[in-house]
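Engineer: Could you have a look at this structure, given as structure tokens, before my questions?
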Amino acid sequence: MKRRIVTSSFILIAALLGLGAKARSEPATIYAGQCASCHGETRLGGTGPALIPETLGRMKADAIADTIRNGRVQTQMPAFAETLSPEDIEALAAYVKSPLGFAPQWSEADIAASRIDNPDYRPANKPLFAADPMNLFIVVETGDHHATLLDGDRFEPIARFPTRFALHGGPKYSPDGRFVYFMSRDGWVTKYDIWSMQQVAEVRAGLNSRNIALSRDGRHIAVANYLPNTLVILSAQDLSVERIFEAVDAKGAPSRVSAVYQARPRDSFIVALKDAPELWEIATDPDAKPVHTGFVHSFEKGMEEALAVEKGLFARRRIALSAPLDDFFFSPDYSNLIGSSRDGDRGVVVNLHVGREIAEIPLPGLPHLGSGISWMWQGRRVMATPHLKEARISIIAMDDWSVVKTIPTFGPGFFMRSHDNSEHVWADVFFGPNRDVMHVIDKQTLEIVATLRPEPGKTAAHVEFDRNGRHALVSLWEDDGALIVYDDKTLKEIKRLPMRKPSGKYNVWNKINFEDGTSH
Ligand code: DHE
């Protein structure tokens, strides 16, 4: 693959902002000598990933030290055990987890220049494999940064290919299920052609990114960035930049962009701002009706004054909130969303038609609303959410926003899944001593009917159903992990495929049809 190399403006700015002062300290000098050529002079990435706390996330310092010491198999990361002393390695591991100390820039020109096209890419006019193209899974294996394309009928791998370092969030499929788009925490967006099983192109849309969303018509990809504070919209066709929104609220205060979601029935993107009390709706319909872009206080007139009106593609509507909200769950018709309050003990319901908060739900223990799913129960639509800090699942009625049941679990959970054709909800226990169990809940009695322990002592997490809702695929979330296929009726294991920390799996049919039991 050919890479277009361009000098990035942020390197210059970083230098001007006094990075040189840092280079005097010991680990910074080692970094400059040993690491900078691959990971970038400013730690923002090069051929190797960015080495900043935002990207390294929850990776512990000893795991980082281990990578420096022993290298990483199947990558260009060499082992430094012979080159550096144990003390130097420890100091370096701490250094790459320290904040950058400056705000890096990443302009439209930087994004365009980062683009890598696959010169060997040859589009195919039909899938080059014999499997139902609607019942495929992509399994993201973060253990060794690969993805597996899996036949969802036979549960056999069709292809396995390398990905960027540290993918995060669900990959997104084009509406016809032919292409899949991945995003890495250090901002790379990769387009992969499932039919020809080849990478098409990739581009670095940000320096530290959160997630991506595809527009209803499959033409635009929105990328939510922490670094810099932007929402970048790319053409899904060729990954060129279509628009960059600086994340600044109606009063001019900057914010990180915490996530972006496709609101399919509304033909729009919904954007969550981490630090500002507002959310955005961005039209993806070229004929979108006019919207006010927000209100500002006019000191001349002594009153709130409407900002300009926008219409058509990418018209942005600002919805004011009482405080920043994060981690959204949407009602199936996308008229309401529930966001998590910063104190982590409430869900706040925002009605997107009227553009304001309409209810609060007491949900102590940090609900993980983004993992929520919904179904019909006693003639009402309910949604269920796990809690990241409490051993319980809350069931909420979506007509009056009351909590109809709290189900005690073996520990705090991260992901939940179901399917229209399944009577069950599968919920993991991601944290604590019981992280090796998986609860199965009856959708009508709201009782736990089984607690499976796929492999004692190994984390069981993240479930996804096949297209027909007959099988539930569970991850053994370990470096030497596995994908375990269960029959959803008998709850018996029917197949186990070895995989490297399969962090998530995504069924083409369920995703492109916005199946209620899965993430969107
Ligand atoms: Fe995620 C999805 C935010 C930490 C694995 N995570 C998402 C989404 C958001 C989010 C907004 C929905 C995006 C989408 O799919 O389009 N995640 C956050 C955080 O704010 C948090 C708590 C802290 C952070 O560092 O970002 C966080 N997430 C993690 C992890 O530590 C996980 C377990 C391991 C990892 O790989 O980073 C993790 N997040 C995932 C996965 C999904 C996800 C596997 C997709 C779930 C799905 O089924 O769609």
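The values are calculated or read from the model by the stated rules, or taken from the named source; none is laboratory data. Quick caveat, the model's predicted, so the values are computed rather than measured. Cβ placement follows ideal geometry from the backbone for every residue including glycine, while neighbour counts extend to all protein chains displayed.
Engineer: What are the residues in the stretch 350-372 that are in a loop (DSSP other than H, G, I, E, B) and free of Cβ contacts under 8 Å to residues at least 24 places away in the same chain, if any?
Structural biologist: Taking the stretch 350-372 as the starting set, the residues that turn out to be in a loop (DSSP other than H, G, I, E, B) are 352-355, 363-366, 368, 372.
Once the filter is applied, which keeps residues that are in a loop (DSSP other than H, G, I, E, B) and free of Cβ contacts under 8 Å to residues at least 24 places away in the same chain, the stretch 350-372 yields His353, Val354.
Engineer: Inside the stretch 337-349, can you point out the residues that are under 21 Å from the mean Cα position of the chain (by Cα) and either in a strand (DSSP E or B) or acidic (Asp, Glu) (or both)?
Structural biologist: Filtering the stretch 337-349 for residues under 21 Å from the mean Cα position of the chain (by Cα) gives 337-342, 344, 347.
If the condition is that a residue be under 21 Å from the mean Cα position of the chain (by Cα) and either in a strand (DSSP E or B) or acidic (Asp, Glu) (or both), then Leu337, Ile338, Gly339, Ser340, Ser341, Gly347 are the ones that fit.
Engineer: Name the strands (runs of 3 or more DSSP E) wholly inside the stretch 209-279 in which the number of residues that are closer than 17 Å to Ala112 by Cβ and within 16 Å of the ligand (Cβ to nearest atom) is 3 or more. Explain how you work it out, then say what you get.
Structural biologist: Values: elements: 220-227, 230-235, 241-246, 257-263, 268-273.
Output list reads 220-227, 230-235.
Engineer: If you don't mind, another one. Would you list the strands (runs of 3 or more DSSP E) that sit entirely within the stretch 95-192 and hold 1 or more residues that are closer than 22 Å to Ser258 by Cβ, within 16 Å of the ligand (Cβ to nearest atom) and out of contact with any His (no Cβ under 8 Å at 6 or more places or on another chain)? Explain how you work it out, then say what you get.
Structural biologist: Values: elements: 136-141, 146-151, 156-162, 179-183.
Filter on the stretch 95-192 gives 136-141, 179-183.
Engineer: What about Asp249, is it at pLDDT below 95 and either of a type in the set (Asp, Glu) or more than 23 Å from Leu352 (Cα to Cα) (or both)? Can you show your working first?
Structural biologist: Values: at pLDDT below 95: yes; either of a type in the set (Asp, Glu) or more than 23 Å from Leu352 (Cα to Cα) (or both): yes.
So Asp249 fits the description; yes.
Engineer: Suppose we keep only residues that are over 20 Å from Pro104 (Cβ atoms) and in a loop (DSSP other than H, G, I, E, B) within the stretch 193-208. Which one would you say is nearest to the ligand (Cβ to nearest atom)? Walk me through it before giving the result.
Structural biologist: Within the stretch 193-208, the first condition is being over 20 Å from Pro104 (Cβ atoms), and the residues that meet it are 193-201.
Pick out the ones that are also in a loop (DSSP other than H, G, I, E, B) and you get 194-197.
On the way: Ile194: 18, Trp195: 23, Ser196: 25, Met197: 22 Å.
Only one residue tops the list, namely Ile194.
Engineer: Taking only the stretch 50-71 into account, find how many residues are part of a loop (DSSP other than H, G, I, E, B) and either closer than 15 Å to Ser184 by Cβ or within 16 Å of the ligand (Cβ to nearest atom) (or both).
Structural biologist: Of the residues in the stretch 50-71, the ones part of a loop (DSSP other than H, G, I, E, B) are 50-52, 57-60, 71.
Retained after the next criterion (residues that are either closer than 15 Å to Ser184 by Cβ or within 16 Å of the ligand (Cβ to nearest atom) (or both)): 50-52, 57-60.
The total comes to 7.
Engineer: Taking the conditions exactly as written (of a type in the set (Asp, Glu) and closer than 25 Å to Phe161 by Cβ), does Asp480 satisfy them or not? Steps first, please.
Structural biologist: On the way: of a type in the set (Asp, Glu): yes; closer than 25 Å to Phe161 by Cβ: yes.
It is true that Asp480 is of a type in the set (Asp, Glu) and closer than 25 Å to Phe161 by Cβ.
Engineer: Select from the stretch 466-520 the residues that are within 13 Å of the ligand (Cβ to nearest atom) and of a type in the set (Val, Ile, Thr) and write down the one among them that is modelled with the highest pLDDT.
Structural biologist: Among those that are within 13 Å of the ligand (Cβ to nearest atom) and of a type in the set (Val, Ile, Thr), it is Val474.
Engineer: Also: Those residues that are over 24 Å from the mean Cα position of the chain (by Cα) and either modelled with pLDDT under 85 or acidic (Asp, Glu) (or both), I need them from the stretch 89-117; list them, please.
Structural biologist: Glu90, Gly101, Phe102
Engineer: In this structure, is Phe314 crowded, with 18+ Cβ neighbours inside 10 Å, closer than 12 Å to Pro367 by Cβ and modelled with pLDDT of 95 or more?
Structural biologist: On the way: crowded, with 18+ Cβ neighbours inside 10 Å: yes; closer than 12 Å to Pro367 by Cβ: no; modelled with pLDDT of 95 or more: yes.
Criteria not met by Phe314.
Engineer: Now for a different question. Mind counting the residues in the stretch 364-385 that are within 16 Å of the ligand (Cβ to nearest atom) and farther than 22 Å from Asp333 by Cα?
Structural biologist: First, pick out the residues of the stretch 364-385 that are within 16 Å of the ligand (Cβ to nearest atom): 365-374, 383-385.
Next, only the ones that are farther than 22 Å from Asp333 by Cα stay: 365-366.
Here the count works out to 2.
Engineer: Further, regarding this structure: Hey, does the stretch 447-458 have a residue that's farther than 22 Å from Asp420 by Cβ and within 16 Å of the ligand (Cβ to nearest atom)?
Structural biologist: Yes, that holds for at least one residue.
Engineer: Given Thr47, Thr67, Thr75, Thr55, which one is hydroxyl-bearing (Ser, Thr, Tyr), within 27 Å of the chain's Cα centre (by Cα) and modelled with pLDDT of 85 or more? Show your work before the answer.
Structural biologist: On the way: Thr47 fails: modelled with pLDDT of 85 or more; Thr75 fails: modelled with pLDDT of 85 or more; Thr55 fails: modelled with pLDDT of 85 or more.
After applying the criteria, what remains is Thr67.
One line per residue, one yes/no per condition, for (1) surrounded by fewer than 23 Cβ atoms within 10 Å (Cβ to Cβ); (2) acidic (Asp, Glu); (3) under 30 Å from Arg216 (Cα atoms):
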position	(1), (2), (3)
Met438	no, no, no
Thr451	yes, no, no
Phe465	no, no, yes
Gly469	yes, no, yes
Leu473	no, no, yes
Glu478	yes, yes, no
Val485	yes, no, no
Met499	no, no, no
Ile512	yes, no, yes
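Engineer: Here's another thing I want to ask about it. Taking Ser335, is it modelled with pLDDT of 95 or more, surrounded by fewer than 21 Cβ atoms within 10 Å (Cβ to Cβ) and among the hydroxyl-bearing types (Ser, Thr, Tyr)? Walk me through how you get there before you give the answer.
Structural biologist: On the way: modelled with pLDDT of 95 or more: yes; surrounded by fewer than 21 Cβ atoms within 10 Å (Cβ to Cβ): yes; among the hydroxyl-bearing types (Ser, Thr, Tyr): yes.
Yes; evaluated as a whole, the condition is true for this residue.
Engineer: While we're on this one: Which ones in the stretch 74-94 are under 16 Å from Cys38 (Cβ atoms), part of a loop (DSSP other than H, G, I, E, B) and not small (Gly, Ala, Ser)?
Structural biologist: Listed by number, the residues that qualify are Gln74, Thr75, Gln76, Met77, Pro78, Phe80, Thr83, Leu84.
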